[in-house]
Amino acid sequence: MFEHEYQSRFDAVAPSPELVADTKIRLRAALAGKQRPRRHLTRRGLTALAAAAVLTVSALAAAPAVWQTIQKDLGNRAPYAAQVLGCCEDQGVRIEVQAALADTRVTRLYFTVQDLTGNTLDANTTSDLTLSLETNGRFDRGNGGKGLEVLSYDPEQRLATLVYSLGTAELAGSPPTQVRLEASCFIPGHRQARLALNQEELPAQTLESSVTDTGVTVLQPDQNHMALEKDGAVSISSMGFAADGRYHVRFVQEGTIFPLMDNGSPCYVEYYLYDPENPDRWPQQDVGDVICTAVQDGWDVCLPSLTPDTLKYLELIQLRTEYAAGGGRLEGNWKITVPVEVMALRAATPATTLVFPYTHGGEMPFGHDWDARLKQLTVSPLSVCADFITPEGQEYPCQLTGTELSLTVTLADGSVLTPAYYDEVWSQRTGWVMWEFEAPIQPEQVRSVTLNGQSVPFP
């Protein structure tokens, strides 16, 4: 349910565009005798909220089941969450904000979405819900956090309970004061699938084809059927070379659907060609010359640059389908802005310059080219966050691998805590890494934080 949740599950079984691009870069780097690790850049959008009050079920109008779901997700963080109320309704869909938790860098917003007509929300509904945070007088989509998660869905009430976590923008100099949750559409019955094939996996035989009344060559149907998704309404009927010497993919549609692709069809093909002896022969992104022709019960997609002679240069072909099977796109205007209040924080800056090198698997593949200078450490009852900047005079932007950093927190009684890695962001020559405590602490009890053996005392 909902585009971001569906996409996260979908990406778990299919290669993401970022992975495809990264694989191509590393492949070319390897061919050139170079190597380059991933940047781990994350950018995700959506909502958050707040007010300075402890969560109490009796104080709010939400159903008890909703609060049980929210409190279960919060766990021992519940006493630090704040109740925030806000709602909007349009086109028979009602959104209600329930609570917020604003921490060092990441804000969590809890809210419900309810279908008042019974025609919109189901297990495959998606939306363009986005969250933005106001810092320094302007709203920004932020960076980092875990994004949108569906916590529960009550089919009888047609009520979904969700949480969105979002980090503040990299250059934000202060915590958020407001958050804004907004959407412009809901798509019932959303279906999406993607299939990636390399040169060895691609069917390369020449198939039977015909010429349309307008003179376009298309494949005949039902020659080598291939499914894109389980029980999907769109599948591949034929794929291979046609009589015109070009590669074609013929899609077939079953039943009534509503295409969601920009080209007006429910299917799209991207392909990547690379000639190591002539790198500029084709674009570094997808070739981008596909031709889509409507045929009986489907579409024929032609890839003009992919011929038997250029097949050896094929790196990857991606076949995608996206459509709605539940009535099309529901347009509307949903927007809620609510205040947030960050919990009490303590910060410390290192007395001396502390610089850390980029590591990958414990090695330093780039020496000190990607060094990161520790700017500040911030502690809350729930987490600790390290902010980094690029050292002055360094050509390349700072970059670390957060999961390879060792961080401990020493308290006044001498106990040493090892919080768990949560998330990181590297962008615009800055970065931050955030860790979460297993149980809440009292920030005033923190005496020092040690990062990779370098201790920073807290005043």
>> Using each residue's phi in segment 307-312, evaluate 6.51 cos²θ - 1.76 cosθ + 1.60 at θ = phi - 60° and report the 3J(HN,Hα) Karplus result to the nearest Hz, with x for Gly and Pro.
In response: 10, x, 6, 9, 4, 5
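When the helices in the chain are scored as -39500 (n - 2.57) per DSSP H run of 4 or longer and the sum is shared across all residues, what 222 nm value do you end up with, to the nearest 500 deg cm²/dmol? Don't skip to the end; give the middle numbers.
Values: 3 runs with 35 residues, N = 459.
Estimated from H runs of four or more residues: -2500 deg cm²/dmol.
What FRET efficiency, computed as 1/(1 + (r/R0)^6) with R0 = 45 Å and r the Cβ-Cβ distance, is obtained for residue 222 and residue 87, rounded to the nearest 0.05?
Details: r = 51 Å, r/R0 = 1.14.
The calculated FRET efficiency here is 0.30.
Sort 72, 375, 230 by Cβ crowding within 10 Å, fewest neighbours at the top. Don't skip to the answer; put the middle values down first.
Details: 72 11, 375 16, 230 6.
Result, fewest neighbours first: 230, 72, 375.
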>> Using a 10 Å cut-off around each Cβ, can you sort 217, 390, 206 from fewest to most neighbouring Cβ atoms?
In response: 206, 217, 390
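For segment 232-318, which trypsin sites (Lys or Arg not before Pro) pass both filters: DSSP loop (anything but H, G, I, E, B) and at most 16 other C-beta atoms within 10 Å?
Values: sites: 246, 250, 281, 312; in loops: 246, 281.
Answer in residue order: 281.
Can you give the net charge of the other residues whose Cβ lies under 15 Å from the Cβ of residue 212, counting K and R as +1 and D and E as -1?
Working: positive: 246, 250; negative: 208, 213, 244, 297, 300.
Surrounding charge for residue 212 is -3.
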> According to the square roots a ≥ b ≥ c of the eigenvalues of the Cα gyration tensor, what is the shape class of segment 346-457, taking rounded for a/c under 1.5, prolate for a/b larger than b/c otherwise, and oblate for the remainder?
Replying inline: prolate
>> Based only on other Cβ atoms within 10 Å, what is the fewest-to-most ordering of 268, 164?
In response: 268, 164
>> Using a 7 Å offset from the Cα along the Cα-to-Cβ direction at both residue 428 and residue 231, what is the distance between the two label points in nm, to one decimal?
In response: 4.5 nm
> By how many degrees, 0 to 90 and rounded to 10, does the Cα axis of helix 17-31 deviate from the longest principal axis of the chain?
Replying inline: 80 degrees
>> Per 0.36 nm of contour for each residue apart, how much would the distance between residue 213 and residue 128 grow if the chain were fully extended, relative to their Cα-Cα spacing?
In response: 26.6 nm
> With the Cα gyration tensor of the chain giving a ≥ b ≥ c as the square roots of its eigenvalues, does the rule (a/c under 1.5 for rounded; else a/b larger than b/c for prolate; else oblate) give rounded, prolate or oblate?
Replying inline: oblate
> Separation between the residue 206 and residue 452 pseudo-spin-labels, each 7 Å from Cα along Cα→Cβ, expressed in nm?
Replying inline: 5.9 nm
> How far is helix 64-74 tilted off the main Cα axis of the chain, in degrees rounded to 10, range 0 to 90?
Replying inline: 80 degrees
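Shape of segment 258-363 from its Cα gyration tensor (a ≥ b ≥ c, root eigenvalues): rounded if a/c is under 1.5, otherwise prolate when a/b > b/c, or oblate? If you can, show how the numbers build up before the last one.
Numbers: a/c = 4.32, a/b = 1.36, b/c = 3.17.
Here segment 258-363 falls in the oblate category.
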>> Sequence gap of 8 or more, or different chains, plus Cα separation below 30 Å: how many lysine pairs satisfy both in the chain?
In response: 10
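Bear in mind that the values in this text are calculations on the coordinates, not laboratory data. Predicted model only: the values in this text are computed from it and were never measured. Heads up, the Cβs are rebuilt from the backbone with ideal geometry, glycines too, and the neighbour counts pull from every protein chain shown.
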